[in-house]
1. Going by what's in this entry, would residue 374 be described as over 29 Å from residue 234 (Cβ atoms), open to solvent by 30 Å² or more (accessible area, probe 1.4 Å) and in contact with a Phe, Trp or Tyr (Cβ under 8 Å, 6 or more places away or on another chain)?
2. With the structure loaded, tell me whether residue 65 is touching a helix residue (DSSP H, G or I) at 6+ places or on another chain (Cβ under 7 Å), free of Cβ contacts under 8 Å to residues at least 40 places away in the same chain, within 30 Å of residue 278 (Cβ to Cβ) and not aliphatic (A, V, I, L, M) or whether it fails that test.
3. Among the residues of the stretch 146-161 satisfying the criterion of being open to solvent by 10 Å² or more (accessible area, probe 1.4 Å) and outside any strand (DSSP E or B), which is nearest to residue 100 (Cα to Cα)?
4. Filter the stretch 162-182 for residues that are outside any strand (DSSP E or B) and within 24 Å of residue 45 (Cβ to Cβ); which is most open to solvent (accessible area, probe 1.4 Å)?
5. Filter the stretch 64-87 down to the residues that are within 11 Å of residue 103 (Cβ to Cβ), surrounded by 18 or more Cβ atoms within 10 Å (Cβ to Cβ) and hydrophobic (A, V, I, L, M, F, W, C) and list them by number.
6. Looking at (1) assigned to a helix (DSSP H, G or I); (2) open to solvent by 40 Å² or more (accessible area, probe 1.4 Å); (3) in contact (Cβ under 8 Å) with a residue 40 or more places away in the chain, find the lone condition where residue 185 falls short.
7. When you check residue 97 against the structure, is it outside any helix (DSSP H, G or I) and crowded, with 18+ Cβ neighbours inside 10 Å, yes or no?
8. With the condition kept exactly as written, say whether any residue in the stretch 125-145 is assigned by TED's automatic domain parsing to the domain that holds residue 20, part of a helix (DSSP H, G or I) and open to solvent by less than 10 Å² (accessible area, probe 1.4 Å).
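The values are calculated or read from the model by the stated rules, or taken from the named source; none is laboratory data. These figures come from a predicted structure and were not determined experimentally. Reconstructed Cβ throughout: ideal geometry from the backbone, glycine too, with neighbour counts over all protein chains shown. Note: areas computed on protein heavy atoms with side chains; ligands, DNA, RNA excluded. Shrake-Rupley method; radii C 1.70, N 1.55, O 1.52, S 1.80 Å.
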Amino acid sequence: MSHSLVLPRLIRTGSGALGQLPDLLAACGVSRPLVVTDATMVALGYLARLQQALDGAKIPSGLFDATEPEPTETSVIAAEAILRTGHDGQAFDGLVALGGGSAIDTAKALAVLGPHGGRMRDFKVPRLVDEPALPVIAVPTTAGTGSEATRVTVITDPENDEKMLCMGLAFMPVAAILDPDLTLSLPPRVTADTGIDALTHAIEAYVSRKASPFSDQQALAAMRLIAPNLRRAFHDGQDLPAREALLVGACFGGIAFSNASVALVHGMSRPIGAFFHVPHGLSNAMLLPAVTAWSIPAAPGRYAECARAMGLVGEGANDELANGVLLDELRALNVELGVPTPAGFGIQPDRWRQLRPLMAEQALASGSPGNNPRIPNTDEIIALYDEVWG
Ligand code: NAD
């Protein structure tokens, strides 16, 4: 069986790495970027830092600073208007994304809409978008999605609330800057949600039916970095070594799932996010323990390896013990990081009940459940939604 591997061309990591943005732009042949970011990055002064680096190198740029969390196509269309206007009569020749997965995904969507036009639904799976696109340089400020190293973007269709999964080479950033200084300001809630998202990427990539020796190593490395550092960063946001480990781990997690796939947790999570506006990492966290328990019988050895990589049991522990400890840990992590149930989040029980069949249908249509070690049918997904409700 052969596997196709895709990565960004350049990755710079470490405290202060943001200052290297002009070098990266030059290396990627970008001389007039549109910067895509959000209001938080402006308020925190991160955009000013980035702008200083561009000004110091006399690189002209444009700005879209109205990215919305969990972006809908509506906000992408607003950004597209700026992209089309260009700068001083010249077209932008690349995008710099500064922010969490939402800013990076918005930039990736623009990278494709810019040259190709159309609507985002034209690019959703099962279509693979391997055509040329504008280069994206991604600067993640959350340690979660790994979007800086994935050939994926997720944009919500405002007409039906579907979180559309769009995949292909066109969505892979050409370069990424992993500067942990930019993650010190993450509030505990976002640290927890994004950290569990990254952990879920690693676990799902490792147990995926599309896993390869390459994605396995990335997934295991991600688990080794994320598991011991997530609680540390949650309780002490200024813990720079923990922040750096999470940022690098999240990038490994992104590489792992982008080259393998995500599975049932992500398939079930996207509809929860779209219908009930639950942040992506939080809906993953709500699902992770129950879906893992349901899936373990189909791949006990693989899940046990996750427990070992996370440092939960010694190398010599047998699979049964390791899997029990893994489930205990995922449940304990949710308690310690304050992950609510859907009911605790404030979702109305009637609406949850009524939407379960549609959510299950959308989950299956995304293709992600088909990569799970145990493949569910519609009724089994609905039963899992019931279990997660509590
Ligand atoms: P996000 O980008 O939506 O950010 C969450 C909140 O945290 C925002 O309000 C943001 O302004 C704020 N924030 C970001 N960085 C901060 C910092 N350093 N300090 C303080 N506040 C900060 O969250 P996310 O989880 O990174 O991204 C979620 C989106 O990514 C979802 O739409 C999800 O579907 C998508 N996603 C994409 C991929 C992919 O491969 N493309 C993978 C997983 C998830």
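1. Considered against the rule, which asks whether it is over 29 Å from residue 234 (Cβ atoms), open to solvent by 30 Å² or more (accessible area, probe 1.4 Å) and in contact with a Phe, Trp or Tyr (Cβ under 8 Å, 6 or more places away or on another chain), residue 374 comes out as yes.
2. Working: touching a helix residue (DSSP H, G or I) at 6+ places or on another chain (Cβ under 7 Å): yes; free of Cβ contacts under 8 Å to residues at least 40 places away in the same chain: yes; within 30 Å of residue 278 (Cβ to Cβ): yes; not aliphatic (A, V, I, L, M): yes.
Criteria met by residue 65.
3. The selected residue is 151.
4. Let us first name the residues in the stretch 162-182 that are outside any strand (DSSP E or B), namely 168-174, 179-182.
Then keep just the ones that are within 24 Å of residue 45 (Cβ to Cβ); that gives 173, 179-182.
On the way: 173: 2, 179: 3, 180: 1, 181: 39, 182: 1 Å².
Out of the qualifying residues, it is 181.
5. 64, 79
6. Only one criterion in (1) assigned to a helix (DSSP H, G or I); (2) open to solvent by 40 Å² or more (accessible area, probe 1.4 Å); (3) in contact (Cβ under 8 Å) with a residue 40 or more places away in the chain is unmet by residue 185, namely (1).
7. Working: outside any helix (DSSP H, G or I): yes; crowded, with 18+ Cβ neighbours inside 10 Å: yes.
Yes.
8. Taking the stretch 125-145 and keeping what is assigned by TED's automatic domain parsing to the domain that holds residue 20, we get 125-145.
Narrowing further to those that are part of a helix (DSSP H, G or I): none.
Checked the stretch 125-145: no residue is assigned by TED's automatic domain parsing to the domain that holds residue 20, part of a helix (DSSP H, G or I) and open to solvent by less than 10 Å² (accessible area, probe 1.4 Å).
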